[in-house]
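To start, the structure itself, in structure tokens.
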Amino acid sequence: MNIILLGPPGAGKGTQARRLEKHRGLVQLSTGDMLRAARASGTEMGRRVAEVMDRGELVTDDIVIGLIRERLESSAAPGFIFDGFPRTLAQADALGELMRETGATLDAVIEMQVDDDELVRRITARSTCAGCGEVYNDITRPIPSDGKCTNCGGTEFTRRADDNEESLRQRLMEYYKKTSPLIGYYYAKDALHRVDGLGEIDEVEAAIAEVLDSVRSPAAARA
Ligand code: AMP
């Protein structure tokens, strides 16, 4: 089963992708994580990518399509969760082509809906476990009082360089200009499902599970 999680920065795509990995055995493909690994590598390409990311702009289609192609060709998995990819129509076309080449199918595109005020609130309070990537939020899901990550026990937490209000405004602008047309694109392909991303993490996970079960077994879901 291959799915795309679509939504603005802060909608909870990464958090839900990690749940899907844990509970459904799918593999998360996050272009944001891949690009953060590239910037940490200290290469010339990584340095250029870092500048673009910190400005809140999109990295070029060629780079991210190349990263996804590499992963799809080298990983065997029961299915992938595309998190933060595609983000442009050109990327969506390229993904369709890659899937055709590999004989894979796209089972569902899940649009996670969260209003802009909530996105700003979430992102400016966000921190991540340096050990495993578990996401915390000062307001809604603070780091436990013993200072240990609930997932891996790690004690180091980081804030993303682009998780500040200025960068976020630009990331939102990029989302509305370049990524939101994908909602219509996948609606027209009859693949789009909408989920309210405002609830508790467990509630959103349940709503996504309902979509995935209906896709896997449409007749049972109608019964
Ligand atoms: P994310 O972790 O998904 O929020 O992505 C962080 C940043 O990485 C974005 O603001 C972009 O600068 C870059 N990025 C991630 N995925 C893509 C993509 N599919 N296309 C272009 N840029 C991307």
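The values are calculated or read from the model by the stated rules, or taken from the named source; none is laboratory data. What you see is a predicted model; the values in this text were computed from it and never measured. Neighbour counts are summed over all protein chains in view; Cβ atoms, including those assigned to glycine, are modelled from backbone coordinates with ideal geometry.
Let's see how each residue does on (1) of a type in the set (D, E, K, R); (2) under 20 Å from A50 (Cβ atoms); (3) within 14 Å of the ligand (Cβ to nearest atom); (4) without any contact (Cβ under 8 Å) to a residue 60 or more places away in the chain:
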| position | (1), (2), (3), (4) |
| --- | --- |
| A125 | no, no, no, yes |
| E134 | yes, no, no, no |
| S145 | no, no, no, yes |
| E166 | yes, yes, yes, no |
| Q170 | no, yes, yes, no |
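Okay, residues lined up against (1) touching a Cys at 6+ places or on another chain (Cβ under 6 Å); (2) of a type in the set (G, A, S):
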| site | (1), (2) |
| --- | --- |
| M112 | no, no |
| D116 | no, no |
| L119 | no, no |
| G131 | yes, yes |
| E134 | yes, no |
| S145 | no, yes |
| C152 | yes, no |
Seminar exercise, completed: Of all helices (runs of 4 or more DSSP H) fully inside the stretch 135-223, the set with 3 or more residues that are hydroxyl-bearing (S, T, Y) and modelled with pLDDT of 95 or more is 181-188
Exercise. What strands (runs of 3 or more DSSP E), lying completely within the stretch 8-115, carry at least 1 residues that are modelled with pLDDT of 95 or more, β-branched (V, I, T) and within 15 Å of the ligand (Cβ to nearest atom)?
Worked result: 80-83, 108-113
